[in-house]
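Following: one structure in structure tokens, then a few remarks.
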Amino acid sequence: RSADVVVLGAGPAGLVLGILLHSAGIDCVILERASRNHVQTRARAGFLAPNTVRILDRHGLADGLHRHGHRHGTCEFRTEDGRLRLDYGALGQGQQHHVYPQQKLVTDLLTHYLGLGGRIHFHTEALIVSDADTGTGTGTDGARPSVTTREPDGRPTRWTARYVAGCDGRYGAARRSLPPGAVRRHHHDHGVTWLGLLAETPPSLDAVGYAIHDRGFAGHMARTPDVTRYYLQWQRGTPADAWPEQQIWDELDLRMRAADHGPLRRGRLLERGVFDLTCDVVEPLRHGSLFLAGDAASLLAPAAAKGANLAVLEAEMLAEALTAALTRNDTAGLDTYSDQCLAHIWRAQEFTGWMTRLLHATPDRDHDGGSFFHAALQRSRLASLRTSRVHQDWFAENYVGV
Ligand code: FAD
């Protein structure tokens, strides 16, 4: 089995890449480990940056989000000093987010790709990317990479390609296949864990809510008129089901200071997940004919909602570079792909780190055994955001930017 480009993974990165390659007449195939139903129902991101919407618009992929999503431009910090509301859509460059659940975007992209006649194999797990001739490591000369897969019936199959695009996330085969020493992996643990919740209830605020509290961070993010995402800073190692629903809602009320600012609308918890706020960057995003995009290239803590946006940006850049290489024999774009993406990735990592420090008193202890120092820095950051228009503009520009 063969294709000019084998794309691993049908998330936002893999699907945008597949659509753009297919539309440019490139022979490509997407291999996806999970079922179609699974990728279309996996709830994750919700806030799309203006640049992401521009990319999707440019390629006719934004109908669904314009029809069913909504614009959003306000966030609210809740602290012991009261509320700080920032209409970030009117600050900085005057840009807003579009709120549109990632699973709906993925459904739109998949429908579009299939409508174009695009090839995709579900239940097909990539096991290793290797050199087609030697069967080991990844091809370093860009000539003949191959992907070994486990097919739905369990049999191994081999795909050969001219290029492989690893869009299969942090734990995918693309990263696993990079030979030791071929790339650098920069890893950072923010030292914070979140319990992510999806609640069957309308949003309780007309803003993204960030509560900074002695007991830990709590967050509120609209998804649809009937579903809201909440986050609770969580003790690392504690399972997601450790608390009954009542206790979770009581804790959200407490940290969101419902007594001062109004009650939260409670509802059934549809989904719970625990994740550590860690991040990493693979550098460079290329090894021979294997290219990384999206979470496979860099994982970001979700505090600043950048991951899906970077995935779409990188997919567009990689599609242009692969198309030039395959149709015009022009490999300049492939040569600069990694550096161009890394500039965006490090910018997003920097702001995500800033945001993470703003929202959490870190668990690092000072010499006096308390966390006074970090809590004081946190208050100082917020005071600056409250009082400085320049700082507010900087925040807005980075918050919606990719
Ligand atoms: P994925 O969406 O992870 O897709 C990878 C695909 O590869 C999957 O379908 C997987 O099944 C498949 N796969 C994996 N291994 C293999 C294999 N070996 N073979 C074949 N297929 C394989 N980002 C934002 O921009 N805004 C937000 O508001 C936001 N909120 C988030 C909230 C949460 C709770 C989480 C967890 C993440 C959030 N993110 C957000 C991040 C965002 O969801 C990811 O960055 C985004 O999904 C990355 O897209 P991707 O296509 O690179 O990877």
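Where a number appears in this text, it was derived from the coordinates with a stated rule and is not lab data. Keep in mind that this is a model prediction, so the values were computed, not measured. A quick note on method: Cβ atoms are made from the backbone with ideal geometry, for glycine too, and the neighbour counts reach across all protein chains shown.
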Which net charge results for the neighbourhood of Gln93, defined as the other residues with beta-carbon distances under 10 angstrom from its beta-carbon, given Lys and Arg at +1 and Asp and Glu at -1?
-2
Amide H of Ser204 versus every other amide H placed in the peptide plane: which residues, excluding those fewer than 5 positions away on the same chain, fall under 5 Å?
Arg265
Given the options Thr323, Thr238, Thr356, which has the most mean-square fluctuation in a GNM of the chain, springs set between C-alpha atoms less than 10 angstrom apart?
Thr238
5 Å is the cut-off here: which amide hydrogens, built 1.01 Å from N in the peptide plane, fall below it relative to Ser2, excluding neighbours closer than 5 in sequence?
Thr160
Once the Cα atoms of helix 307-328 and of the chain are each reduced to a long axis, what angle between those two axes, in degrees from 0 to 90 to the nearest 10, is obtained?
20 degrees
Among 200-210, 279-289, 312-322, the order from most to least packed when residues are scored by Cβ within 10 Å on average:
312-322, 279-289, 200-210
For region 16-21, in order, what is each residue's ³J(HN,Hα) by Karplus, 6.51 cos²θ - 1.76 cosθ + 1.60 with θ = phi - 60°, in whole Hz (x at glycine and Pro)?
4, 4, x, 5, 5, 5
With springs only between Cα atoms under 10 Å apart, run a GNM on the chain and tell me which of Gln247, Gln340, Gln233 wobbles the most.
Gln247
Could you state the principal axis extents of the C-alpha atoms in the chain, from the largest down, to the nearest angstrom?
65, 48, 43
List, in order, the whole-Hz ³J(HN,Hα) value for each residue of region 179-196 obtained from phi through the Karplus relation with A = 6.51, B = -1.76, C = 1.60 and θ = phi - 60°; use x for Gly and Pro.
x, x, x, 6, 9, 9, 10, 9, 10, 9, 9, 6, x, 10, 10, 10, 9, x
Using the Cβ atoms and a cut-off under 13 Å, what net charge is assigned to the surroundings of Glu125, where Lys and Arg are +1 and Asp and Glu are -1?
0
Quick one: what are the phi-derived ³J(HN,Hα) couplings along region 283-295, Karplus 6.51/-1.76/1.60 with θ = phi - 60°, whole Hz, x for glycine and proline?
9, x, 8, 8, 9, x, 9, 9, 10, 10, 9, x, 4
Over the Cα atoms of region 23-102, compute the convex hull volume and normalise it per residue, giving Å³.
146 Å³
Could you list which residues have their amide H under 5 Å from that of His70, counting only those 5 or more apart in sequence or on another chain, with H placed in the peptide plane?
Val99
Once every DSSP H run of n ≥ 4 in the chain is given -39500 (n - 2.57) and the sum is divided by its residues, what mean residue ellipticity at 222 nm do you get, rounded to the nearest 500 deg cm²/dmol?
-11000 deg cm²/dmol
How big is the convex hull of the Cα atoms of region 204-253, per residue, in Å³?
91 Å³
Which of Glu80, Glu32, Glu397 has the fewest Cβ neighbours within 10 Å, and the rest in rising order
Glu80, Glu397, Glu32
How far is helix 389-400 tilted off the main Cα axis of the chain, in degrees rounded to 10, range 0 to 90?
40 degrees
Looking at the chain, what % of its DSSP beta bridges pair antiparallel, to the nearest 5?
75 percent
